[in-house]
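One structure is given below, represented as structure tokens, and several questions about it will come after.
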Amino acid sequence: MKKKCTALIVAAAAVMGTTLTSGVAAASTASTTQAAGLGTAAAWKVKAQATVTVRAKPKTKSAAVGTIPKGTVITIDDADDVAGSRYTACGITDKVWHRVKWHGAKGWVVDACWTAIF
């Protein structure tokens, strides 16, 4: 989630800078909130930083239903995020999981191994 949060902060700053220079302060607040994923769900294109295991449930001990290779780009939806079991992956300890569909398999992947693509 830390990598995603950093990318969201950068996006929010970019949106805020654009709207502030146009002189629309009220729109700036709404746009920044939306860009940062606060209050509304958003779909994001993300790239796998490592091979990621797709699990049946958002738990590290849940059955693996597939793997997504490193470098693969997929779309995730913030509305499908859940707090599942705690894990350490890609050098990050977290508990945020994303629901995905990959080659017909539906399951959950850890948040830590994805980088947002803008």
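The values are calculated or read from the model by the stated rules, or taken from the named source; none is laboratory data. Just so it is clear, the model here is predicted, and its values are computed rather than measured. Here the Cβ positions follow ideal geometry from the backbone for every residue, glycine too, while neighbour counts run over all protein chains shown. For the accessible areas, the whole protein counts, side chains as well, though only heavy atoms, and no ligand, DNA or RNA atoms are used. Shrake-Rupley method; radii C 1.70, N 1.55, O 1.52, S 1.80 Å.
Using the heavy atoms of the protein chains alone and a 1.4 angstrom probe, what is the accessible area of the stretch 36-118 per residue in square angstrom? Walk me through the numbers on the way to the answer.
Values: 4510 Å² over 83 residues.
Per-residue value: 54 Å².
What are the ³J(HN,Hα) couplings of the stretch 89-100, residue after residue, when phi is run through the Karplus curve with 6.51, -1.76, 1.60 and θ = phi - 60°? Round to Hz, x for glycine and proline.
Karplus-based 3J(HN,Hα) across the stretch 89-100 equals 8, 6, x, 10, 9, 7, 9, 8, 10, 10, 7, 9 Hz.
Further question on the same structure: Answer rounded, prolate or oblate for the stretch 40-118, using the Cα gyration tensor with square roots of eigenvalues a ≥ b ≥ c: rounded when a/c is under 1.5, else prolate when a/b is larger than b/c, else oblate. Don't skip to the end; give the middle numbers.
On the way: a/c = 1.21, a/b = 1.16, b/c = 1.04.
Cα axes put the stretch 40-118 in the rounded bin.
Where Lys and Arg each count +1 and Asp and Glu each count -1, what net charge lies around SER85 among other residues with Cβ under 13 Å from its Cβ?
Neighbour charge sum, excluding SER85 itself: +4.
For the stretch 53-96, rounded, prolate or oblate, judged on the Cα gyration tensor with a ≥ b ≥ c (square roots of eigenvalues), a/c < 1.5 rounded, else prolate if a/b > b/c?
In terms of gyration-tensor shape, rounded.
Also, I was wondering about something else. Taking 0.36 nm per residue of sequence separation and subtracting the Cα-Cα distance, how much length would be gained by fully extending the chain between ASP78 and THR93, in nm to one decimal? Don't skip to the end; give the middle numbers.
Numbers: separation 15, 0.36 × 15 = 5.40 nm, distance 1.90 nm.
Extending this stretch completely gives an extra 3.5 nm.
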